[in-house]
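To start, the structure itself, in structure tokens.
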Amino acid sequence: EQLSPFPHDLVAEAAAMYPTAELIWCQEESKNMGAWSYVRPRIETALLHFNDDQKRKPRYVGRAPSAAPATGNAQSHAAEQVDMMNGALGF
């Protein structure tokens, strides 16, 4: 993964190709452990300053904030994976 320097122009270009699409950031890491807190404001900046898109905001899909990097339980992990995929794909 390379998130820095953030590719504002590429994100803006991809978003402009699909002006009515919902923007989703999906990550396996807990909300407080992954890249979400880094990329969210940068995606919003790319949309606003490159595309003048004031309506769309990225939506987070993934595990809830947690002190542990994993659930420690295979069944819980599998359920979280299903929930995450369903949330990302709109099921």
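Selection of first residues in the stretch 65-91 that are within 14 Å of GLY34 (Cβ to Cβ) and of second residues that are part of a loop (DSSP other than H, G, I, E, B) and open to solvent by less than 60 Å² (accessible area, probe 1.4 Å), restricted to Cβ pairs under 8 Å at least 6 apart or on distinct chains, gives the following pairs, ordered by first then second residue: GLU80/THR71. Among the residues of the stretch 18-37, the ones that are more than 13 Å from ARG56 (Cβ to Cβ) and not aromatic (Phe, Trp, Tyr) come to 11 in all. Restricting to the stretch 31-49, name every residue that is among the small types (Gly, Ala, Ser) and in contact (Cβ under 8 Å) with a residue 12 or more places away in the chain. Selection gives GLY34, ALA35, ALA46. Condition check for TRP25 on (1) modelled with pLDDT under 95; (2) touching a strand residue (DSSP E or B) at 6+ places or on another chain (Cβ under 7 Å): one failure, at (1).
The values are calculated or read from the model by the stated rules, or taken from the named source; none is laboratory data. Just so it is clear, the model here is predicted, and its values are computed rather than measured. All Cβ positions, glycine included, derive from the backbone under ideal geometry; neighbour counts span all protein chains shown. Only protein heavy atoms, including side chains, enter the accessible area calculation; ligands, DNA and RNA are left aside. Shrake-Rupley method; radii C 1.70, N 1.55, O 1.52, S 1.80 Å.
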